[in-house]
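*Asks:* There's a structure below that I have some questions on.
The values are calculated or read from the model by the stated rules, or taken from the named source; none is laboratory data. Worth saying up front: this structure is predicted, and the values here are computed from it rather than measured. Don't worry about glycine lacking a Cβ; one is built from the backbone with ideal geometry, like all the others, and counts go over all protein chains shown.
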Amino acid sequence: MVGEILHYLRRLTHAIDQHSSALAREYGLTAPQLAVLQAMARKGEVSASEVARKVSLSQPTVAGIVKRMLAKGLIARKPSDWDRRVVLLSPTPEGYRLLAEAPPLLRQPFLDRLSKLEEWEQTQLLTSLRQIVSMIEQPPFPPRREAPFSPRSRTYGSSLSAHPPTAGTEPDRPGPGDTESN
């Protein structure tokens, strides 16, 4: 069953990636860029950190998106009236034009079918999606242990080393088959 769940998660991410690629080809914006532009349009003027929170993207990701959209003339920036350290972002007339022409972030047939689900079905789907997201957002890997062999120090750690010292060699020197290059 786990394999089947993973299969459908891959299909889901693939379908979302395909739609994002189609958006980029047709409108010059990826789905994350469109989401950022939509969030800015809803607020009028907004800081990049607030946009990042609204669209669930990291601040560095939003910073890259903002840089690309500034270069395309889709957004403008200005210092805040209440705090000069804060830069506010807003769509330009070109950004609003593109928003008016762009399709939704997900394919319309999906949105139509989703809206036709009974309220209990939508609630059930939302609960499952929240659970999936909370499971996926866990740290990706356990903390790494120290490597048994460090090429920089040329020392061996635990007995799990792939190349333990051989008789007659010192631990801080390369063993047979090792190279001197770093």
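*Asks:* Right, residue 117: within 25 Å of the chain's Cα centre (by Cα) and surrounded by 10 or more Cβ atoms within 10 Å (Cβ to Cβ) or not?
*Replies:* Taking the combined requirement at face value, the residue does not satisfy it.
*Asks:* Further question: Anything in segment 65-86 that is under 23 Å from the mean Cα position of the chain (by Cα) and surrounded by 13 or more Cβ atoms within 10 Å (Cβ to Cβ)? List them, or say none.
*Replies:* Matches in segment 65-86: 65, 66, 68, 69, 70, 72, 74, 75.
*Asks:* Being buried (at least 18 other Cβ atoms within 10 Å of the Cβ) and over 15 Å from the mean Cα position of the chain (by Cα) is the filter here, so list the residues in segment 20-37 that pass it.
*Replies:* 23, 29, 37
*Asks:* Applying the selection to segment 88-98, what residues are touching a helix residue (DSSP H, G or I) at 6+ places or on another chain (Cβ under 7 Å) and either over 18 Å from residue 35 (Cβ atoms) or modelled with pLDDT under 90 (or both)?
*Replies:* Matches in segment 88-98: none.
*Asks:* Sticking with this structure for a sec: Going by the conditions given, is residue 129 farther than 18 Å from residue 23 by Cα, surrounded by 12 or more Cβ atoms within 10 Å (Cβ to Cβ) and aliphatic (A, V, I, L, M)? Give the derivation first.
*Replies:* Values: farther than 18 Å from residue 23 by Cα: yes; surrounded by 12 or more Cβ atoms within 10 Å (Cβ to Cβ): no; aliphatic (A, V, I, L, M): yes.
Answer is no for this residue.
*Asks:* Any chance you could count how many residues in segment 94-122 are in contact (Cβ under 8 Å) with a residue 60 or more places away in the chain and in contact with a strand residue (DSSP E or B) (Cβ under 6 Å, 6 or more places away or on another chain)?
*Replies:* Qualifying residue count for the region: 0.
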